[in-house]
Each structure stands twice: as structure tokens, then as C-alpha cells.
1. Restricting to the stretch 80-105, name every residue that is free of Cβ contacts under 8 Å to residues at least 24 places away in the same chain and more than 16 Å from the ligand (Cβ to nearest atom).
2. Report, by residue number, each residue of the stretch 124-151 that is under 16 Å from T170 (Cα atoms) and within 16 Å of the ligand (Cβ to nearest atom).
3. Would you check if there is a residue in the stretch 257-268 being part of a loop (DSSP other than H, G, I, E, B) and away from the ligand (no atom under 15 Å from the Cβ)?
4. Looking at T246, is it part of a helix (DSSP H, G or I), of a type in the set (S, T, N, Q), touching a helix residue (DSSP H, G or I) at 6+ places or on another chain (Cβ under 7 Å) and modelled with pLDDT of 95 or more?
5. Which one is nearest to L258 (Cα to Cα), of the residues in the stretch 147-174 that are of a type in the set (V, I, T) and out of contact with any Gly (no Cβ under 7 Å at 6 or more places or on another chain)?
6. Do we have any residue at all in the stretch 191-200 that's assigned to a loop (DSSP other than H, G, I, E, B) and either of a type in the set (S, T, Y) or more than 9 Å from the ligand (Cβ to nearest atom) (or both)?
7. Which residue pairs have Cβ atoms closer than 9 Å, lie 6 or more positions apart in sequence or on different chains, and pair a first residue in the stretch 192-215 that is of a type in the set (V, I, T) with a second residue that is in a helix (DSSP H, G or I) and modelled with pLDDT under 85?
8. Tell me, which residue of the stretch 215-225 that is out of contact with any strand residue (DSSP E or B) (no Cβ under 7 Å at 6 or more places or on another chain) and surrounded by 12 or more Cβ atoms within 10 Å (Cβ to Cβ) is nearest to K272 (Cα to Cα)?
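The values are calculated or read from the model by the stated rules, or taken from the named source; none is laboratory data. This one's a predicted model, so the numbers in the text were calculated from it and none came from an experiment. Cβ: placed from backbone, ideal geometry, glycine included. Neighbour counts: every protein chain shown.
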Amino acid sequence: MFADGLMKGQKILVTGGGTGLGKSMSEAFSALGAEVVIWGRRGAVLDETAREIGTATGGKVTAMAVDIRNGGAIDEAMQAIFDAGPLTGLVNNAAGNFISPTEDLSPNAFNAIASIVAAGTFNTTVAAGKRWIEAGLKGNILSIVTTWVWTGGPFTVPSAMSKAGVAVMTQSLAQEWGPKGIRANAIAPGPFPTKGAWERLMPAPLAAKTGAGTSADSIPLRRMGEHSELTNLAVFLMAPGCEYLTGAVIPLDGGQWLASGGNFHSLSALDKDDWGTIKGAIQATNAKDRETRTA
Ligand code: HXC
């Protein structure tokens, strides 16, 4: 779809770049000639991804273990990146989420998600933006949100609230930073299965009971998204050639949100026992991930 070397000369930071959609986007940018920096919480996973992409594409991929819940760590790591040469683009991809009845969420549960998706995305964006502005450089921001920014997100309220905030940040900065040469756009993906999201949004006990995460009946195009379809749109937004596009939040969901909301309203059918089983499965996933974090 794209010409070889399309992204040569670009240097792009992808948060949450070690796995899932972040890894796929990093690989696509690298394959087209961009230098890529990936951030994530698990150093060993990041190192492995950087090695894997670098070997596949021959490009430069740098892994940095940065937890975007930590504002100080963000600023320090961003300074180290710019010291080696400024970024041309930032992809805000890192996220956290799990399904739960909202009345069961503690302040800590809200913070576990909002501190990544809302505060972490904001702090990373400002850390890059202020350096672009100070140096008089152009910049390009892409944030990954969800279609819940239009429909609301029952059973995922902290994520939906935070993602809606990121969508509004996108529209706000397109106006505020546009005169400084900085663009901001967002993609709102529908179902693109990844391990991190699916284990928390469609944990095995839920899939077994309701078929959630396995059926494409609610999607007009009758299938899940392919990672390459998301990376193609990300490349289009980050590559030279669409410099007049800013402030857009683009759905990429096979038409799902228009047809069905694309959210978890159907989980109202679950009872307390179901939620207990689901919570146990999600927390087992979180505990396993925590063991492999270095930052
Ligand atoms: C109720 C829960 C819970 C559950 C955790 N908590 N799971 N409450 N139901 N199922 C509560 C805990 O009791 C605790 O509060 C607090 O949340 C933090 O829990 P931890 O287990 O310590 O969580 P933590 O290790 O911080 O991990 C949470 C996380 C994790 C950071 C959000 O899930 C994570 O690392 N996720 C990264 C990957 C990911 O989630 N990807 C999905 C992105 S999908 P108390 O009060 O007890 O201390 C996405 C949108 C997709 O963003 C859109 C698709 C269409």
C-alpha cells in the first residue's frame, strides 16, 4: 500500500510499543524506514520486541522501560530521546482497562486506569510538545482511543471517561498547537483482538458463558479487524502527505459502533457470581503481568 522508505527520516515514539497494536504499529513504521522508540512497563518484553523488529526490518528500534503513570520518568526519558535527536511523531497507544460493574470500582481501581490513559497520555504529549515548541519544530501526535468516546462505555467507565478525555485533548491541541506546526489526530479502533486487552475485556469465563469476543455478528463487516488494517491508517496519519489533517478522531471498526454501540451494554445480563469469576480471571492476568514489570 505504501512506497518503500516512505517514513525515512522520521523518529517516532510509540507508548505501549512492546506488545499488541503498539508492537504492530512500531513494526509498520520501522518497515517503512522510520526510527522507532518503544516505551512500556516490562523491560524484557520491550527488549525482545525491539530485537525482533530490528532484525525483521533492519531499522533502529530503541526500547525504554518507562511507566507513563510516573510523570517524572516520562520527562527524564523524553529528554534522553531528544538529546539523541528530536522526535518527529508520538503515538499514544499505552492503555489499561478491565471490565467491571462500576459500583464495584474503588478509587484505586479508577486510578489504575485513569493514571495510564488520561494522565499518562497527557503527560507524554506535553513532554514531547513542549520540546517541539521550544525548538520550533513540527510535530505529529496520534492517539489510540475507542468508539466509546461517542457511545459511552458501560462496564468500562474509567477507560471510556479517560479515552473521551484523550479525544478532546486531540481536538483541543489541534487548535492550540496547530499554529506551531503540531498536528493531533486519533484512531478509534473497534475489535482488534490482542492478548493484553482480550484477557481483561473478554476473559475466558466470560467468553465461555456469552461468546463475547468471539462473535462478529454485531459488526456490519462481519469480522474482527486485522492489525495491518490499523497500521495502514496509522502510517497514513504519521507519514508525509497528509499534513492538512488535524483534529480528527477516525473510527476503524467495521461499522460496529454505528450498528450496535460497540460497547459492553450486553453484560447487564451477568449476575454477581459471573462477575466474581470474571474479576478473579482478570486479577490473575494482572498479577502475572506485574511479575514481569521492571519499571
Ligand atoms: C474490580 C478490579 C478489577 C476487576 C482490578 N481491580 N481488577 N476491580 N474488578 N476486575 C482493582 C483492584 O482491586 C485494585 O483496587 C485496583 O483495581 C488495581 O488493581 P491491580 O490488580 O493492582 O491492577 P494493576 O496491576 O495496576 O493493573 C491494572 C491495569 C492492568 C494497569 C489496568 O489491567 C494492565 O496492566 N493493563 C494493561 C493492558 C490492558 O489493560 N490492555 C487493555 C487496553 S484495552 P484496590 O482498591 O483493591 O486496591 C483499551 C480499550 C479497548 O484500552 C477498546 C476495545 C474495543
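1. Hits for the stretch 80-105 are A80, D83, A84.
2. T124, L142, S143, I144, V145, T146, T147, W148, V149, W150, listed by residue number.
3. So in the stretch 257-268, the residues part of a loop (DSSP other than H, G, I, E, B) come out as 261-264.
Applying the additional criterion that residues be away from the ligand (no atom under 15 Å from the Cβ) yields none.
Scanning the stretch 257-268 turns up no residue that is part of a loop (DSSP other than H, G, I, E, B) and away from the ligand (no atom under 15 Å from the Cβ).
4. Values: part of a helix (DSSP H, G or I): no; of a type in the set (S, T, N, Q): yes; touching a helix residue (DSSP H, G or I) at 6+ places or on another chain (Cβ under 7 Å): yes; modelled with pLDDT of 95 or more: yes.
The answer is no for T246.
5. Out of the qualifying residues, it is V149.
6. From the stretch 191-200, those assigned to a loop (DSSP other than H, G, I, E, B) are 191-194; that's our starting set.
Checking the rest, the ones that are also either of a type in the set (S, T, Y) or more than 9 Å from the ligand (Cβ to nearest atom) (or both) come to 193-194.
The answer is yes; a qualifying residue exists.
7. Final answer for the pair search is T214/A207.
8. Here is the first cut: in the stretch 215-225, the ones out of contact with any strand residue (DSSP E or B) (no Cβ under 7 Å at 6 or more places or on another chain) are 215-224.
Within this subset, residues satisfying the condition of being surrounded by 12 or more Cβ atoms within 10 Å (Cβ to Cβ) are 215-216, 218-221, 224.
Details: S215: 24, A216: 26, S218: 25, I219: 28, P220: 32, L221: 34, M224: 29 Å.
Restricting to residues being out of contact with any strand residue (DSSP E or B) (no Cβ under 7 Å at 6 or more places or on another chain) and surrounded by 12 or more Cβ atoms within 10 Å (Cβ to Cβ), the top hit is S215.
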